[in-house]
Amino acid sequence: MPLSKVSVGAIVLLASVGVSPASAAPNDGDAVPEHPTFTRDVLPILQRACQVCHRPDMFTPMPLLTYEEVRPWARSIKQRVEARTMPPWFADRTVGRYRDDPSLSDTEIATIGRWVDRGAPRGNPADAPPPVAWPAVDTWYHGEEPDLVVTSPPVVVPPNSTETYPEPEMETGLTEDRYIKWIQVMPGESRVVHHVLVYAVRDADDEAADGGPQGVRELLANRARGDFVGDRFEDGYARLLRRDDRIRLQLHYLPDDERSFSDRTRVGIKFYPPGYEPDYVVTTRAVSNRHDLIIPPGEANARSDAYFTLSEPTRIISFQPHMHYRGKAMTLEAIRPGGTRPELLTDVDRFAWDWQPTYVYETPLTLPAGTVMHVTAYHDNSAANRVNPDPTAAVGWGQRTIDEMNIGWLDYFHISEEEYAALQAEE
Ligand code: HEC
């Protein structure tokens, strides 16, 4: 595996801190235990798929480490896992393979369901796997200090206030172009920092990295809730930060019900040594079509389509759908040159506006020059959409959350025709 770009993921987190998960995920179709117990059957699932967020000092309503903590939530846990709203992962499990996929197998869901239906027993304490040694919430994840830390100006988030989306811009102080080895976002107050986008912004006469409607800014990192890892590139792979780039954050603050918080979010960046030339430079592109985004009032299934043709052989690292309240589903397809049928690469069939994970392919997808990438977005502007702010409005493209977007973010890098041929021969 040449490339490691990691995102939300207990498994990766565990691997890097030197502990291994108590058990691998059982497959769909494995037998469901007749009398599941907490210690033997349920705790391993929680360690693998839940505790990364449900532990003390996190932004979640409750920790799920011990039987005492879990028992009062048993019914709610059953309901959330059966609805597949926990853990937050919204891609169809049968399409594509993803790194750090925390989603539960049918067997795991049935095990939790049966355990709850049979009274949620504790079981034998000796059956329990050892507790996971979770790292402190505010440590730089990759075990070394970053070379550059940019810190946002303080923002006070009063209780029960409206959501805000400040976009502070900071200088980097770089005196030359540098290649990024890893980048991690560290919220000051993770209870109120809902998500953070990190952009490199450059002046308008430079070539736009993401071409499209986003203008001259390149997405460097995107931190959804539950991502403590950030992006780390294996040797040879890198992202470029240019000397004159400024760092712009797009912060989304979601106020707490009770307490006021003052947040300063930091972005830590580790560079390769000066003068280092990577083999592959990773770029991010917004595949979107603002002109096709016409959402009539009340429409439950407004479709819009965007296309992007790969000019060279390419490896696709990840896909991340971005829409607002009315986002419903998004697919990514590839149409190879001369191909007659599109190949479905990812199907985010249950998009949730408040969770926007990045779907990182287990192995980067290899596609020939001339492949057309096709993003299809679906929006639900009906009254049945519980988060719809106004079903009577005609909605189009815009920055405000009451407007809409239809972006499929792609992370990718180009390879040569020779490398493409070699990868094809391996398959
Ligand atoms: C990426 C972080 C994350 C992961 C992983 C995660 N959760 Fe959650 N969970 C949250 C957050 C944030 C909330 C509160 C907001 C909400 O309800 O969506 C929540 C809410 C819940 C609730 C509802 C609590 C309430 O107040 O009613 C339950 C139950 C739950 N999670 C169970 C689980 C279980 C079981 C797993 C693993 C199978 C899991 N979660 C994995 C972040 C996470």
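Of note:
- Antiparallel bridge percentage (DSSP; both residues within the chain; nearest 5): 95 percent
- If you plug the beta carbon distance of ASN124 and ASN301 into 1/(1 + (r/R0)^6) with R0 = 41 Å, you get a FRET efficiency near 0.25.
- Multiplying the residue separation of ASP203 and ASP257 by 0.36 nm and subtracting their alpha-carbon distance yields 15.4 nm.
- On the beta carbon distance between ASP403 and VAL137, with R0 = 35 Å, the FRET formula returns roughly 0.55.
- Once backbone amide H atoms are built at 1.01 Å from N, ALA221 has VAL198 as its partners under 5 Å, excluding neighbours fewer than 5 places away on the same chain.
- A 1.4 Å probe, protein heavy atoms only, puts the accessible area of ASP127 near 60 Å².
- Nearby aspartates and glutamates by direct alpha-carbon distance to LYS270 (threshold 12 angstrom, same-chain neighbours under 8 apart not counted): GLU144, GLU145, ASP147, ASP231
- Volume per residue of the C-alpha convex hull in region 148-281, rounded to whole Å³: 107 Å³
- Point-charge dipole on Cβ atoms (K/R +1, D/E -1) for region 148-281, about Cα centre, debye to 20: 440 debye
- The mean sequence distance of close C-alpha pairs (under 8 Å, at least 6 residues apart), as a share of the length of the chain, puts its relative contact order at 18 percent.
- Acute angle (nearest 10 degrees) that the helix 417-426 long axis makes with the longest principal axis of the chain, alpha-carbon atoms: 30 degrees
- Taking HIS414, HIS324 and ordering them by how much accessible surface each has at a 1.4 Å probe, largest first, produces HIS414, HIS324.
- Angle in degrees between helix 106-117 and the longest Cα principal axis of the chain, rounded to the nearest 10: 40 degrees
- Remark: region 294-299, residue by residue, has Karplus-estimated 3J(HN,Hα) of 10, 10, x, x, x, 5 Hz, where x stands for each Gly or Pro and the curve is 6.51 cos²θ - 1.76 cosθ + 1.60 at θ = phi - 60°.
- Distance between the modelled labels on ALA425 and THR151, one decimal in nanometres: 5.4 nm (7 Å Cα→Cβ projection).
- Amide H contacts of ASP147 (H built 1.01 Å from N, under 5 Å, at least 5 apart or other chain): ILE269, LYS270, PHE271
- Across region 363-376, rounded Karplus estimates of 3J(HN,Hα) from the backbone phi angles (6.51 cos²θ - 1.76 cosθ + 1.60, θ = phi - 60°) give 10, x, 7, 9, 9, x, 4, x, 5, 9, 8, 10, 9, 10 Hz, Gly and Pro being marked x.
- Extension gain for the segment GLU169 to ASP279, taken as residue separation times 0.36 nm less the Cα-Cα distance, is 36.6 nm to one decimal.
- Taken over region 18-127, the convex hull of the Cα atoms encloses 117 Å³ per residue.
- Per the Kirkwood formula applied to alpha carbons, region 271-427 shows a radius of gyration over Rh ratio, Rg over Rh, of 1.05.
- The string of couplings for region 156-164 from the Karplus curve (6.51, -1.76, 1.60, θ = phi - 60°) is 8, 10, x, x, 6, 8, 7, 5, 10 Hz, one whole number per residue in order, with x for Gly and Pro.
- Amide hydrogen proximity for ALA393: with H placed 1.01 Å from N in the peptide plane, the residues at 5 or more positions away or on another chain lying under 5 Å are GLY298.
- The chain: translational diffusion in µm²/s, Stokes-Einstein, Kirkwood Rh over Cα pairs, 10 °C, 1.306 mPa s: 69 µm²/s
- Modelled spin labels at ALA352 and ARG84, positioned 7 Å past Cα toward Cβ, are 1.2 nm from each other.
- For the pair HIS291 and ARG93, label points projected 7 Å from Cα toward Cβ lie 4.2 nm apart.
- Helical runs assigned H by DSSP (4 residues or longer) give the chain a calculated mean residue ellipticity at 222 nm of -3000 deg cm²/dmol, each run adding -39500 (n - 2.57) before division by the residue total.
- Nearest-0.05 FRET efficiency for GLU418 and GLU69, computed from C-beta distance (R0 51 Å): 0.40
- Taking 0.36 nm per residue of sequence separation and removing the Cα-Cα distance, the GLU343/ASP235 pair yields an extension gain of 35.8 nm.
The values are calculated or read from the model by the stated rules, or taken from the named source; none is laboratory data. Keep in mind that this is a model prediction, so the values were computed, not measured. Every residue, glycine among them, receives a Cβ derived from its backbone with ideal geometry; neighbour counts consider all protein chains shown. In case anyone asks, the SASA skips ligands and DNA or RNA and just uses the protein heavy atoms, side chains included. Shrake-Rupley method; radii C 1.70, N 1.55, O 1.52, S 1.80 Å.
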